[in-house]
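Notes follow the structure.
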Amino acid sequence: MDEQAQVFRAQLQLGQKLQRPISVHCVGAFGRLHEMLHQHAPFPAGLILHSWIGPAEMVDALAKLQGVYFSLSGHLTRMSKKKYEPMVKRVPLKRLLLETDAPDGKPRLGEPYQQKLFSFQRQDKSNEKELNHPTNISVMLELLADIRGEDAEKIADAAYTNASRLFMFVQPAQK
């Protein structure tokens, strides 16, 4: 892990030096990630926690770091509802992003969401796995709105504004 930590540290520093958003995909090393991000913050150009599935208890501390965004995808539905619902509720709207992670990350949902999912089969006959489709972002948006008790349009607008800010697109006119 020491070599991986050194490389990660160098990548954080490079993103900061070049003033570019940093994308981080963490699987199972959330305590170490928390420690390293606190050591290297702030991230004025942004830092994306890609397909975030970390613990709810960590969200508040990470959200306090300048530039940290939580990008939520269908991967979170592979956790138990008991784990992902509190986490989704804690992500501040001003730090929320939506992503599909297609063709991976097909949401695993019950009704009423499951019937709305679109998928397709891998052309490679050696793997019968159903693949995620970008259209499923709308189903994830609906799920997040239901969990948070907020209007889906409000969440979509916030995610769009955050992505625009993060990737320096032209800012949308305020409604």
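The values are calculated or read from the model by the stated rules, or taken from the named source; none is laboratory data. Source: prediction; values computed, not measured. For neighbour counting, all protein chains shown are included, and Cβ atoms are generated from backbone atoms with ideal geometry for every residue, glycine included. Quick note on the areas: whole protein, heavy atoms, side chains included, nothing else; ligands and nucleic acids left out. Shrake-Rupley method; radii C 1.70, N 1.55, O 1.52, S 1.80 Å.
Being more than 29 Å from residue 89 (Cβ to Cβ) and either without any contact (Cβ under 8 Å) to a residue 24 or more places away in the chain or not in a loop (DSSP other than H, G, I, E, B) (or both) is the filter here, so list the residues in the range 16-58 that pass it.
Result: 16, 17, 18.
Looking at the range 77-122, which of its residues are in a strand (DSSP E or B) and either open to solvent by less than 40 Å² (accessible area, probe 1.4 Å) or under 24 Å from residue 157 (Cα atoms) (or both)?
Hits for the range 77-122 are 96, 97, 98, 119.
Considering each residue of the range 1-15, count those that are touching a residue at least 24 places away in the same chain (Cβ under 8 Å) and outside any loop (DSSP other than H, G, I, E, B), and give that number.
6
Residue under question is residue 5, and the condition is that it be touching a strand residue (DSSP E or B) at 6+ places or on another chain (Cβ under 8 Å), of a type outside the set (Phe, Trp, Tyr), open to solvent by less than 100 Å² (accessible area, probe 1.4 Å) and at pLDDT below 95; does it hold?
No.
Find the residue count for the range 59-87, including only residues that are touching a residue at least 24 places away in the same chain (Cβ under 8 Å) and either under 20 Å from residue 9 (Cα atoms) or more than 16 Å from the chain's Cα centre (by Cα) (or both).
Final tally of qualifying residues: 9.
Taking residue 96, is it within 30 Å of residue 133 (Cα to Cα), in contact with a helix residue (DSSP H, G or I) (Cβ under 9 Å, 6 or more places away or on another chain) and of a type outside the set (Phe, Trp, Tyr)?
Spelling it out, residue 96 is indeed within 30 Å of residue 133 (Cα to Cα), in contact with a helix residue (DSSP H, G or I) (Cβ under 9 Å, 6 or more places away or on another chain) and of a type outside the set (Phe, Trp, Tyr).
State yes or no: is residue 138 among the polar types (S, T, N, Q) and modelled with pLDDT under 95?
No, not satisfied.
Residue by residue through the range 110-134, note down the ones that are closer than 30 Å to residue 161 by Cβ, out of contact with any Gly (no Cβ under 8 Å at 6 or more places or on another chain) and at pLDDT 85 or above.
Answer for the range 110-134, where residues must be closer than 30 Å to residue 161 by Cβ, out of contact with any Gly (no Cβ under 8 Å at 6 or more places or on another chain) and at pLDDT 85 or above: 112, 113, 114, 116, 117, 118, 131, 133, 134.
Take residue 148 and decide whether it is open to solvent by less than 60 Å² (accessible area, probe 1.4 Å), at pLDDT 95 or above, farther than 30 Å from residue 16 by Cβ and basic (Lys, Arg).
yes
Please verify whether residue 156 is at negative phi, in contact with a strand residue (DSSP E or B) (Cβ under 8 Å, 6 or more places away or on another chain), in a helix (DSSP H, G or I) and surrounded by 14 or more Cβ atoms within 10 Å (Cβ to Cβ), treating the condition exactly as stated.
yes
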